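The values are calculated or read from the model by the stated rules, or taken from the named source; none is laboratory data. Everything quoted here is computed from the prediction, not taken from an experiment. Glycine gets a Cβ as well: all are built from the backbone with ideal geometry, and neighbour counts include every protein chain shown. Surface areas here come from the heavy atoms of the whole protein model, side chains and all, with no ligands, DNA or RNA. Shrake-Rupley method; radii C 1.70, N 1.55, O 1.52, S 1.80 Å.
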Amino acid sequence: MSDSSAPLSAAQGQPKAGFVPLSLVAAALFPGAGHMVRGERTRGLLVSLGVLWLFFGGMLVGGIDVIDSREDRIWFVGQALVGPIAFGVDYAHQNYFKVRDPKSGEFRSAYPGEGRDPKTGIAVAGGSPPNRKSIAKINELGTLFATIAGMLNLIAMIDAAFPTARAGGRRLTPSDNAAQGTRP
Amino acid sequence: MSPCNMCLTSLLAYTPLIDPIDLHKHWYLLLIPMALGIALAYKAVRVDDLRDYPRQVAVMTVQVVVAMISLGAASYFFVQYLVPLIVAKG
């Protein structure tokens with residue numbers, strides 16, 4: 001935890017006050033990466049640990065069913081804030097776990113006792129479903145875990161992009177950069 | 001089927017990250033890992049000195065769990081005791 005005072009050491013190439021676009025982009029791409037780009041590696045790793053703990057914790061609880069941009073669109077808006085990981089999991093869910101209904105042609109979760117044709121994705125009777133759909137409290141909690149992960153990553157993105165909140169108990173301002181000879 | 005066999009069956013059917021976990025009877029225990037996860041991510045952003053991080057995470061986790069239990073108890077008290085009193089007086 002050697003970078004605990006990183007925001008104060010801007011002159012040594014450490015985080016600066018003001019808007020840091022690269023940190024925002026990095027934080028949006030992977031949880032914690034924004035802080036790592038800014039030089040706060042330990043903080044970035046801890047952000048990553050917390051956000052991914054919640055996101056994958058949600059999947060451990062409710063299965064892949066909790067990440068679903070079609071059936072739970074509103075929840076997915078929050079989950080999407082985790083970044084490309086959420087979109088990747090959703091893509092896998094939609095394309096490799098859902099089955100195509102033989103009558104309507106729509107993608108849906110497989111029913112119990114129904115399998116998935118690996119070539120066409122069409123539901124076939126008699127197999128076992130690629131995944132079990134979560135229900136009740138377990139589904140609610142798993143979805144909530146993953147959505148909270150996205151919300152917290154939004155806080156981390158803002159903190160990475162606008163590093164003004166920590167400076168040994170006071171706020172960093174652009175004038176701190178000027179005093180240390182760095183650009184705001 | 002005995003309860004032990006049922007546990008074993010549900011455990012064998014569980015594929016992590018793909019299938020839901022069979023915790024329907026003890027779902028409230030999931031409050032603890034959720035509170036811990038929230039504290040892990042939030043305190044990573046919030047604390048000034050990361051040497052305080054483990055203690056602050058522990059404190060926030062306990063605070064969230066105690067607050068949720070208290071809210072649950074308060075809701076129970078309101079619905080089970082206060083509402084019947086209000087209805088009886090009305």
Quiz prompt | Loss of accessible area when B meets A, both sides summed, Å² nearest 100, probe 1.4 Å | solution = 3000 Å²
Exercise. With a point put 7 Å past each Cα toward its Cβ, work out how far A:T120 is from B:L17 in nm, to one decimal.
Key: 3.1 nm
Practice problem: Could you please report the charge total around B:W27, scoring K, R as +1 and D, E as -1 over all other residues with beta-carbon less than 15 angstrom from its beta-carbon? | Solution: 0
Quiz item: Which lysines have a Cα less than 20 Å from the Cα of A:K98, not counting those fewer than 8 places away in the same chain?
Solution: A:K119, A:K133
Quiz item: Which shape class, rounded, prolate or oblate, goes with the range A:52-167 when its Cα gyration tensor gives a ≥ b ≥ c as root eigenvalues, a/c under 1.5 marks rounded, and past that a/b bigger than b/c marks prolate?
Solution: prolate
Exercise. Go ahead and collect, in residue order, the members of the range A:113-155 whose backbone nitrogen is under 17 Å from a label point 7 Å along the Cα-Cβ direction of A:L49.
Key: A:153
Quiz item: What distance in nm separates the simple spin-label points at B:Y28 and A:F87, each placed 7 Å from Cα in the Cβ direction?
Solution: 4.1 nm
Quiz item: When all alpha-carbon pairs of chain B are counted, what percent fall beyond 22 Å?
Solution: 57 percent
Quiz item: Relative to the present Cα-Cα distance, how much length would full extension add between A:A136 and A:V77 at 0.36 nm per residue of separation?
Solution: 19.2 nm
